[in-house]
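Chemist: Sharing a structure with you now.
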Amino acid sequence: MTPIETVFLDAGGVLVHPNWPRVSGELARRGVQVSAAALEAADPRARRRIDLPATIGATDDRSRGRLYFDLVLAQAGVPPSEATREALDSLDEYHARCNLWEVVPPDVPPALARLRQIGLQLVVVSNANGTIGEMFGRLGLADRVDLLIDSSVEGVEKPDPRLFEIALARSGARRDATVHVGDLYCVDVAGARAAGLRAALLDLAGLYGDADCIRVRTLDELCDRIERREV
């Protein structure tokens, strides 16, 4: 197997996570009490419920975003109401301007540094809303990767293999020496495979025990497996 030279990385759910304190605060301002910790704990189960071929095939990234937050609230025990709708509308406006996925888990910067120390090219390939470049600059992540590919800028989104083709062409990466790492099987793994790439699933909560692909619980585990040539 050809050693990995380039790692394509999803952004949301891999390198950045939602700002749950902001979500909790918007809800609280409208009388809905749910902690940021409860929302964060509900996140993996909500994502897993979305990650089905029928759902992915019938939606785009924007519509899935609202469905995802509805499911997070449901998993956290918050029923839908006018107040939750208003809070989510306000969060949509913030996301369009600044990007709500603005929390960097503490393990991400050292993992990116380690991948670079291994000698790998790092390319973000993300379904996003056109703000990822500014947001990565604001979060101090822009100089930790070599290239950013934002689906809204490119006009095509995963799982369409054309987004990966754009990333390959722009980065100069070799198809047989590239792995894509994402958090949604039907978006990231299926899309990468359709483009002829290797794929790995970041399964933080261990919800994909039956998945037919490489699964890792952390980015550090991904580094270990790349170093051992298990990817």
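Chemist: Given (1) under 24 Å from GLY119 (Cα atoms); (2) free of Cβ contacts under 8 Å to residues at least 60 places away in the same chain, identify the lone condition not met by ILE226.
Modeler: Condition not satisfied by ILE226: (2).
Chemist: Right, next: Given the structure, is ASP183 within 13 Å of PRO44 (Cβ to Cβ) and in the same structural domain as SER151 (by TED's automatic domain parsing)? Quick ask: steps written out before the conclusion?
Modeler: On the way: within 13 Å of PRO44 (Cβ to Cβ): yes; in the same structural domain as SER151 (by TED's automatic domain parsing): yes.
Judged against the criteria, ASP183 is a match.
Chemist: Another question, then. Please list, ordered by first then second residue, the pairs with beta carbon atoms under 6 Å, 6 or more apart or interchain, first in segment 118-142 and over 16 Å from ASP10 (Cβ atoms) and assigned by TED's automatic domain parsing to the domain that holds ASP188, second among the polar types (S, T, N, Q) and assigned to a helix (DSSP H, G or I).
Modeler: From segment 118-142, the pairs are GLY130/SER152.
Chemist: Mind telling me which of the residues ALA173, ALA169 ends up being more than 17 Å from the chain's Cα centre (by Cα) and either crowded, with 16+ Cβ neighbours inside 10 Å or among the acidic types (Asp, Glu) (or both)?
Modeler: Details: ALA169 fails: either crowded, with 16+ Cβ neighbours inside 10 Å or among the acidic types (Asp, Glu) (or both).
None of the other options fit; the residue is ALA173.
Chemist: Still on this structure: Could you please let me know if VAL156 is of a type in the set (A, V, I, L, M) and either farther than 20 Å from ASP188 by Cβ or in contact with a strand residue (DSSP E or B) (Cβ under 7 Å, 6 or more places away or on another chain) (or both)?
Modeler: So VAL156 does not fit the description; no.
Chemist: Just need a number here: residues in segment 20-60 that are closer than 18 Å to ASN99 by Cα, surrounded by fewer than 20 Cβ atoms within 10 Å (Cβ to Cβ) and within 21 Å of the chain's Cα centre (by Cα).
Modeler: Within segment 20-60, residues that are closer than 18 Å to ASN99 by Cα, surrounded by fewer than 20 Cβ atoms within 10 Å (Cβ to Cβ) and within 21 Å of the chain's Cα centre (by Cα) number 5.
Chemist: Evaluate the following for VAL181: is it among the β-branched types (Val, Ile, Thr), within 16 Å of GLY13 (Cβ to Cβ) and in contact with a strand residue (DSSP E or B) (Cβ under 6 Å, 6 or more places away or on another chain)?
Modeler: Working: among the β-branched types (Val, Ile, Thr): yes; within 16 Å of GLY13 (Cβ to Cβ): yes; in contact with a strand residue (DSSP E or B) (Cβ under 6 Å, 6 or more places away or on another chain): yes.
For VAL181, the condition - among the β-branched types (Val, Ile, Thr), within 16 Å of GLY13 (Cβ to Cβ) and in contact with a strand residue (DSSP E or B) (Cβ under 6 Å, 6 or more places away or on another chain) - is met.
Chemist: What number of residues within segment 197-217 are in contact with an Asp or Glu (Cβ under 9 Å, 6 or more places away or on another chain), of a type outside the set (A, V, I, L, M) and surrounded by 14 or more Cβ atoms within 10 Å (Cβ to Cβ)?
Modeler: Matching residues across segment 197-217 total 4.
Chemist: Separate question: Only one of SER81, SER63 is of a type in the set (Gly, Ala, Ser) and modelled with pLDDT under 95. Can you tell me which?
Modeler: Values: SER81 fails: modelled with pLDDT under 95.
Sole residue among the options that is of a type in the set (Gly, Ala, Ser) and modelled with pLDDT under 95: SER63.
Chemist: With buried (at least 18 other Cβ atoms within 10 Å of the Cβ), in contact with a strand residue (DSSP E or B) (Cβ under 8 Å, 6 or more places away or on another chain) and hydrophobic (A, V, I, L, M, F, W, C) as the only criterion, which of ALA87, ALA111, ALA128, ALA142 stands out?
Modeler: Numbers: ALA87 fails: in contact with a strand residue (DSSP E or B) (Cβ under 8 Å, 6 or more places away or on another chain); ALA111 fails: in contact with a strand residue (DSSP E or B) (Cβ under 8 Å, 6 or more places away or on another chain); ALA142 fails: buried (at least 18 other Cβ atoms within 10 Å of the Cβ).
Result of the check over ALA87, ALA111, ALA128, ALA142: ALA128.
Chemist: Can you list residue pairs whose Cβ atoms sit under 7 Å apart, with the first residue in segment 148-168 being more than 14 Å from ASP60 (Cβ to Cβ) and touching a residue at least 12 places away in the same chain (Cβ under 8 Å) and the second being of a type in the set (Val, Ile, Thr) and assigned to a helix (DSSP H, G or I)? Count only pairs 6 or more apart in sequence or on different chains.
Modeler: Going by the 7 Å Cβ cut-off, the qualifying pairs are LEU148/ILE132; ILE149/ILE166; ASP150/ILE132.
Chemist: May I pose another question? Quick one: is ASP92 in the same structural domain as ILE56 (by TED's automatic domain parsing) and within 18 Å of the chain's Cα centre (by Cα)? Spell out how you get there, then give the answer.
Modeler: Numbers: in the same structural domain as ILE56 (by TED's automatic domain parsing): yes; within 18 Å of the chain's Cα centre (by Cα): yes.
Here the answer is yes, as ASP92 does meet what is asked.
Chemist: Considering only residues that are more than 19 Å from LEU52 (Cα to Cα) and not in a strand (DSSP E or B), which ones fall in segment 170-187?
Modeler: ARG170, SER171, GLY172, ALA173, ARG174, ARG175, ASP176, ALA177
The values are calculated or read from the model by the stated rules, or taken from the named source; none is laboratory data. Computed from a predicted model, the values in this text were never measured in an experiment. Here the Cβ is made from the backbone with ideal geometry for all residues, glycine too, and neighbour counts use every protein chain on show.
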